[in-house]
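The values are calculated or read from the model by the stated rules, or taken from the named source; none is laboratory data. Predicted model only: the values in this text are computed from it and were never measured. For neighbour counting, all protein chains shown are included, and Cβ atoms are generated from backbone atoms with ideal geometry for every residue, glycine included.
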Amino acid sequence: MHMDECRHTLRCRDPQFAVSSTQYSVLSTRNCRLNTQGSVRSTRILLFAICAVLAAATSACRQDGQLQLLGYTTKPPYYEHIRTVYVPTFQNRAFQAGPMRGLEIQVSESVRKHIEMHTPMKVIQDRERADSELLGAIVLTPKNIINRNQLNEVREGEMVIQVELVWRDLNTGEILSRPAGPLPPNFNPDDPPKFIVQSTGRYLPELGETTTSALKRASDSLAYQIVQLMQKPW
């Protein structure tokens with residue numbers, strides 16, 4: 001008789017081994033049942049959570065196709081009643097010389113382009129048909145020297161553009177760009193408080209950059225900031 005057959009015969013004739021095998025089978029069956037019940041319970045909880053989310057999302061749907069749930073919304077953060085904006089060429093009250101000449105045209109074009117690209121509003125040329133107007137004036141254009149080389153030549157510099165803004169609702173006369181807080185007691189609708197926006201553009205002459213390229217960077221940065229300010233407050 002082979003050794004494996006002897007071990008099998010001894011195991012089968014041993015009553016203790018038979019009882020332990022039965023107990024092991026019962027325990028295994030119970031564990032399988034518990035695992036199955038746990039899986040079913042987890043599946044039910046997951047399905048319930050999915051149904052709850054779908055129900056909340058369905059109830060949060062608006063007629064305009066946007067969602068609003070728990071204080072959050074997919075609606076663009078801009079005034080719904082302002083669909084068009086009139087942006088005339090900015091005034092330039094700063095010192096104009098060299099690349100500063102015509103800076104107001106460059107800034108105005110950059111602002112119009114960013115409004116068209118990043119907001120649902122459209123820029124139109126007719127003030128009478130516009131919902132709002134955005135008026136601006138360049139007030140400061142300083143040049144800052146950040147670093148010089150051993151020959152006292154400019155190694156790094158920056159151009160600064162500072163503007164005053166007024167954004168007005170042409171339908172109601174409301175100043176949309178006014179600073180937060182109550183209006184001053186001597187408020188004059190024809191001369192409302194201005195909103196100050198400032199941007200900078202760096203240039204490195206050793207890399208072939210000039211004050212002209214720095215002004216272009218500053219104009220684009222300024223336009224981006226202005227578009228951000230045209231969002232309605234939270």
(message) Suppose we filter Leu176, Leu215 for residues that are surrounded by 12 or more Cβ atoms within 10 Å (Cβ to Cβ), under 20 Å from Arg127 (Cα atoms), hydrophobic (A, V, I, L, M, F, W, C) and at pLDDT 85 or above; which single one remains?
(response) Leu176
(request) Could you check how many residues of the range 130-151 are in contact (Cβ under 8 Å) with a residue 12 or more places away in the chain and either in a strand (DSSP E or B) or not assigned by TED's automatic domain parsing to the domain that holds Gln91 (or both)? (result) 13
(message) Here is a check on your reading of the model: is Val154 surrounded by 14 or more Cβ atoms within 10 Å (Cβ to Cβ), of a type in the set (Val, Ile, Thr) and either under 29 Å from Thr210 (Cα atoms) or in contact (Cβ under 8 Å) with a residue 40 or more places away in the chain (or both)?
(response) yes
(request) Only one of these is assigned by TED's automatic domain parsing to the domain that holds Leu170, assigned to a helix (DSSP H, G or I), within 18 Å of Tyr224 (Cβ to Cβ) and β-branched (Val, Ile, Thr): Val111, Val123. Name it. (result) Val111
(message) Show the residue pairs meeting these rules: Cβ distance below 7 Å; 6+ apart or different chains; first residue within the range 203-218 and in the same structural domain as Gln96 (by TED's automatic domain parsing); second residue assigned to a loop (DSSP other than H, G, I, E, B) and surrounded by fewer than 16 Cβ atoms within 10 Å (Cβ to Cβ).
(response) Tyr203/Thr210
